[in-house]
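Visitor: Here it is, the structure, as structure tokens.
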Amino acid sequence: MATAIITGSARGIGAAIALRLAKDGYDIALNDIAESCFENNDIIDKIKAEGVKCEKYIADVSKYDQCEAFVKSVKADFGSIDVLVNNAGITRDGLLVRMSEENYDLVVAVNQKSVFNMTKLVGSVMMKQRSGRIINLASVAGLYGNPGQMNYSATKAAIIGMTKTTAKELGPRNITCNAVAPGFIHTAMTDALSEELRAAMVKQIAMGRCGEVEEIAGVVSFLASKDASYVTGQVIEISGGLSM
Ligand code: NAI
């Protein structure tokens, strides 16, 4: 049985990706930053109901030593690591002149350093296996910029560069690396926005609505599948036609 690791997967897009990959037949290694993220949460039961193995690993993916212990445990528990989805991410929005250095550094650590940590560690497991799929969560903010998100857009643009470099370095070992760039997706992150702001955002979308988490998970499932065996180093925008 093949195994998929999804970082930051107790809720939101990460949980939807984990459930979709379980439906595709993968054993699932869930991750989040604290045990409390899995309280009052039925994601583990939902995944197990698909008949696959599922374990949760508490690790702050911005910390290299915690990622090292996390990846070592997954390898010991599951044997192989076939898919890595670098999904964990946070926002600390604010206009540039008011953004604190602390909030800049925190977003870089969680969104960007985590991709280095996990790709380095899981990449070396995949290189020995001579196969693997890595899928990174970028964002339209990384492609086009977004006022109030100097920190976040920097990390999401960085992830695109990291995706292409990983694709070039690991391609000869039969490892693909791609990114998805979601637009406005219906999650806790976007629920926090005012009705007014959400209406203004939706106006810019060709399809006239926000996306659902399952619509991100479906594209990730494709990138992890056999059908995507010759797709690497690409960024797939999933935004309902926000920009074209
Ligand atoms: P969310 O906030 O609902 O879920 C993120 C998860 O990551 C949470 O469970 C959180 O506890 C976990 N997490 C945070 N810091 C962590 C750390 N240091 N270590 C381990 N886990 C950590 O967010 P959502 O909306 O599901 O976003 C998932 C990804 O998709 C993020 O990378 C985000 O930037 C990206 N994205 C989301 C969009 C949206 O509209 N919701 C749009 C574009 C990209």
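The values are calculated or read from the model by the stated rules, or taken from the named source; none is laboratory data. Treat the numbers as computed from the prediction; the structure is a model and nothing was measured. No Cβ is skipped: glycine too gets one built from the backbone with ideal geometry, and neighbour counts run over all protein chains shown. For accessibility, only protein heavy atoms count, side chains too; no ligands or nucleic acids. Shrake-Rupley method; radii C 1.70, N 1.55, O 1.52, S 1.80 Å.
Visitor: Inside the stretch 9-33, can you point out the residues that are within 14 Å of V219 (Cβ to Cβ), away from the ligand (no atom under 13 Å from the Cβ) and open to solvent by 20 Å² or more (accessible area, probe 1.4 Å)?
Guide: Within the stretch 9-33, R20, D24 qualify.
Visitor: What is the residue count in the stretch 120-176 for residues that are within 14 Å of the ligand (Cβ to nearest atom) and open to solvent by 60 Å² or more (accessible area, probe 1.4 Å)?
Guide: Qualifying residue count for the region: 3.
Visitor: Also, quick follow-up: Regarding the stretch 179-191, can at least one residue be identified that is loosely packed, with under 15 Cβ neighbours inside 10 Å and more than 23 Å from G8 (Cβ to Cβ)?
Guide: no
Visitor: How about the stretch 177-191: which of its residues are free of Cβ contacts under 8 Å to residues at least 40 places away in the same chain and more than 8 Å from the ligand (Cβ to nearest atom)? Quick ask: steps written out before the conclusion?
Guide: Applying the first criterion (free of Cβ contacts under 8 Å to residues at least 40 places away in the same chain) to the stretch 177-191 yields 186, 190-191.
Matches in the stretch 177-191: D191 only.
Visitor: Still on this model: Checking the condition within 29 Å of A228 (Cβ to Cβ), more than 9 Å from the ligand (Cβ to nearest atom), modelled with pLDDT of 95 or more and surrounded by 15 or more Cβ atoms within 10 Å (Cβ to Cβ), which residue from V74, V61 passes?
Guide: Numbers: V61 fails: more than 9 Å from the ligand (Cβ to nearest atom).
Matching residue, one of V74, V61: V74.
Visitor: Of all residues being hydrophobic (A, V, I, L, M, F, W, C) and surrounded by 14 or more Cβ atoms within 10 Å (Cβ to Cβ) in the stretch 194-203, which is nearest to the ligand (Cβ to nearest atom)? Just the residue, please. Don't jump to the end; show me each part of the working.
Guide: Filtering the stretch 194-203 down to residues hydrophobic (A, V, I, L, M, F, W, C) leaves 197, 199-202.
Checking the rest, the ones that are also surrounded by 14 or more Cβ atoms within 10 Å (Cβ to Cβ) come to 201-202.
Working: M201: 10, V202: 12 Å.
Per the criteria, the residue is M201.
Visitor: Quick check on S243: is it touching a residue at least 40 places away in the same chain (Cβ under 8 Å) and either loosely packed, with under 14 Cβ neighbours inside 10 Å or of a type in the set (A, V, I, L, M) (or both)?
Guide: Values: touching a residue at least 40 places away in the same chain (Cβ under 8 Å): yes; either loosely packed, with under 14 Cβ neighbours inside 10 Å or of a type in the set (A, V, I, L, M) (or both): yes.
Yes; evaluated as a whole, the condition is true for this residue.
Visitor: Could you tell me which of the residues K56, K46 is under 27 Å from K23 (Cβ atoms) and part of a helix (DSSP H, G or I)? Don't jump to the end; show me each part of the working.
Guide: Numbers: K56 fails: part of a helix (DSSP H, G or I).
Criteria check complete, one pass: K46.
Visitor: Looking at the stretch 216-237, is at least one residue buried (at least 20 other Cβ atoms within 10 Å of the Cβ) and within 25 Å of A109 (Cβ to Cβ)?
Guide: Yes, the stretch 216-237 contains at least one residue that is buried (at least 20 other Cβ atoms within 10 Å of the Cβ) and within 25 Å of A109 (Cβ to Cβ).
Visitor: Being within 15 Å of the ligand (Cβ to nearest atom), under 16 Å from T166 (Cβ atoms) and either open to solvent by 50 Å² or more (accessible area, probe 1.4 Å) or part of a helix (DSSP H, G or I) (or both) is the requirement here; does K113 meet it? Before the answer, list the steps.
Guide: Working: within 15 Å of the ligand (Cβ to nearest atom): yes; under 16 Å from T166 (Cβ atoms): yes; either open to solvent by 50 Å² or more (accessible area, probe 1.4 Å) or part of a helix (DSSP H, G or I) (or both): yes.
The answer is yes for K113.
Visitor: Just a yes or no: is a residue in the stretch 220-233 closer than 23 Å to L84 by Cα and either aromatic (F, W, Y) or in a strand (DSSP E or B) (or both)? Give the steps one after another, and end with the answer.
Guide: Residues of the stretch 220-233 closer than 23 Å to L84 by Cα: 220-233.
Next, from what is left, pick out any that are either aromatic (F, W, Y) or in a strand (DSSP E or B) (or both): 222, 230.
For the stretch 220-233, residues closer than 23 Å to L84 by Cα and either aromatic (F, W, Y) or in a strand (DSSP E or B) (or both): present.
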